[in-house]
Amino acid sequence: LERGFPVMASLEAAAEHERILREIESTDTNCIGPTLRSVYDGQEHGLFMEKLDARIRNHDREIEKMCNHHFQGFVDSITELLKVRGEAQKLKSQVIDTNRRLQDEGKELTISMEQLQQCRVQQRNIATTIDKLTHCLPVLEMYSRLQEQMRAKRYYPALRTLEQLEQTCLPKVGQYRFCSIMAENIPKLRTQIRDTAMTQLRDFLESIRKHSDKIGETAIKQAQLQRSLDSSVSMQPRALIGRRSRKEAATGVGAGIDSGGQGGSPVSEQDSGILDVEDEEEDDEVPGAQDLVDFSPVYRCLHIYTVLGLRDVFENYYRKQRRKQARLVLQPHSNMHETLEGYRRYFNQIVGFFVVEDHILHTTQGLVNRAYVEELWELALSKIVAALRTHSSYCDNPDLVLDLKNLIVLFADTLQGYGFPVSQLFDMLLEMREQYGEILLKKWNLTFRKILNQISLSPFLSALFHKLPFPKKLPFSEFVPKVYCQLKEFIYACLKYSEDLHLSSTEVDDMIRKSTNLLLTRTLSHCLQYAIKKKNVGLAELVQVIINTTHLEQSCHFLEEFISNITNVPPDTVNATKLYGTSTFKDARHAAEAEIYTSLNTKIDQFLQLADYDWMAPVQSGGTLDASDYLIDLIAFLKSTFSVFTNLPVSIHMHIYSKDSGAYKKM
């Protein structure tokens, strides 16, 4: 066993060495480090080196055998290679010669090719430049057009150009510096356009505020013309309205232009203001109120603010400014009541204001709406009624009140033609009718007093009767026809006020009769009482008053017929007001009779107290008695006194001459 273990160990070492040798032969030299380390770690290092030397010798012998076997082929290859080198030298010299000739001959071509290459580069640059300019030129042209539009103050097309420039053109060529400058200027230009449009709007608002008087005057004149035309010329206002409609339609088309339109302005670019009336082609036509005003600043500003997305701001500003102007227009002058011209100017301004608002309402889409205009009109109506009530209360001239009434009617008819409700104005005119009646009563009071003071109460001698063979004295004095004529004039004055108030014939008749009753029962009655009661009124004048009132009482029937004829209302209409003239004149006559009784008694007392008479009759030389001087004077006094009672009614005669009368008892 002891001899067997070394043998087995040597066999295993030999096998391990063989394995290491194979691994060294088959493994990359970079990876043999671990293998060699395993050899040095073992105890058979010398034995391994021996085997390694033996393996190297074996390989050397194999290499030598292989070299000996292939040496003749190697020599042949070297010989062939030497031959090839000679041929290669010849070929090289030929190639060098050919290259030299080619270089000499291709030098001009190279120069031409370089020139061609340079031309191609220039051509490519030119094409690129043209392409870029093709994109940039529309931007520059549009910006130039924008500048021209700004200089020409055509701001709406400028704004459309600005929008197209920003949204379409600049995004295509936005990498250039001038595009950046343009983009930076766009907000500034928008602000400039907005401010300029607002300035023009302010100028327009100021212009229509100053010229609202003229606008209203034209509208009222047109309404008055249309109201006064008869059927023979009815085609003229229709032609006028047609012309006005055409102009409004043209303006409306301008106002309603599509916001996507390019270039043109929706309306004329003229400055705001009032147009010249003399520019009208038809000199015989009254221009429409809207024809006097250039509304283009409003339309232009509206479109500009709409495009800018600020329509609400513009609407609020416009309405606020117009409300302020409405308050100014509705504030009357303190001396408006002094002349009719003051009222006319006041009404003209109001009509001008609402004519403009009505036109804006119908030619713009939502700038003002019906509710806004109605709100303004309600405000205006309340202030107008209050102002007229205040200022008309100062008026004491019936002619001025009548002219004011006609002016208010024309004012109401004009605005009613534009669709504004005016019932409150007519209600106020009915209220003013009471004031007008009071002013008339005051005027006729002075007229009756003047008649009583200036006209003699002696019997009236008619000039017509002088032409007859026997001129006759009328029993009444000139006072009767004068008073009757004045009563008719009063009725005519009342009728004039009732015209154009849209009242029925029955209402007019009732109004006239009530006013006439006030004239009879209050004014004329007081004047008669004044004439009867005043001092130094003789019996003859009192007697004439009785006669005059008797005939005036009889004329009341004709006065009723006169009222019925002018109002076309039969006097027997149910609930018709009756005249109280009969009772008025009866009261005056009774007052005159009582004054006669009092005056007669007073005169008798005065006569009896004049002197001391000898109550005994004087005795003549023949022994006869003559009447006393007292009796003779008394008879003469009674004769002269009772002679004035000749034309009195029989009833008064009987009362004066009766035994029960105070005068008879006193005598």
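Annotations for the structure displayed:
- Of the candidates G352, G366, the single residue that is modelled with pLDDT under 90 and either over 9 Å from the mean Cα position of the chain (by Cα) or open to solvent by less than 60 Å² (accessible area, probe 1.4 Å) (or both) is G366.
- Among (1) within 30 Å of A197 (Cα to Cα); (2) open to solvent by less than 100 Å² (accessible area, probe 1.4 Å) - the single one K153 does not satisfy: (2)
- Flag if G437 is assigned to a helix (DSSP H, G or I), among the small types (G, A, S) and touching a Cys at 6+ places or on another chain (Cβ under 8 Å): yes
- Residue in the range 125-136 that is modelled with the lowest pLDDT, counting only those that are of a type in the set (A, V, I, L, M, F, W, C) and loosely packed, with under 13 Cβ neighbours inside 10 Å: L133
- Within the range 341-348, one or more residues are open to solvent by less than 70 Å² (accessible area, probe 1.4 Å) and over 15 Å from I220 (Cα atoms).
- Of the residues making up the range 407-449, those that are farther than 30 Å from R370 by Cα and of a type in the set (A, V, I, L, M, F, W, C) number 7.
- Residues within the range 486-508 that are more than 41 Å from the chain's Cα centre (by Cα) and open to solvent by less than 10 Å² (accessible area, probe 1.4 Å), tallied: 3
Residue-by-condition table, conditions (1) more than 20 Å from E217 (Cα to Cα); (2) among the hydrophobic types (A, V, I, L, M, F, W, C):
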residue	(1), (2)
H359	no, no
L367	yes, yes
L388	no, yes
L402	no, yes
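- Counted residues, the range 369-381 - those being open to solvent by less than 60 Å² (accessible area, probe 1.4 Å) and of a type outside the set (A, V, I, L, M, F, W, C): 1
- Tally, over the range 128-187, of residues that are in a loop (DSSP other than H, G, I, E, B) and among the aromatic types (F, W, Y): 1
- Residue within the range 301-314 that is modelled with pLDDT of 90 or more and surrounded by fewer than 16 Cβ atoms within 10 Å (Cβ to Cβ) present: yes
- Annotation note: of L367, L381, L376, L415, the sole residue that is more than 23 Å from G437 (Cα to Cα) and outside any helix (DSSP H, G or I) is L367.
The values are calculated or read from the model by the stated rules, or taken from the named source; none is laboratory data. Keep in mind that what you see is a predicted model, and the values were worked out from it rather than measured. With ideal geometry, Cβ positions are generated from the backbone for all residues, glycine too; neighbour counts draw on all protein chains shown. Accessible surface areas use protein heavy atoms only, side chains included; no ligands, DNA or RNA. Shrake-Rupley method; radii C 1.70, N 1.55, O 1.52, S 1.80 Å.
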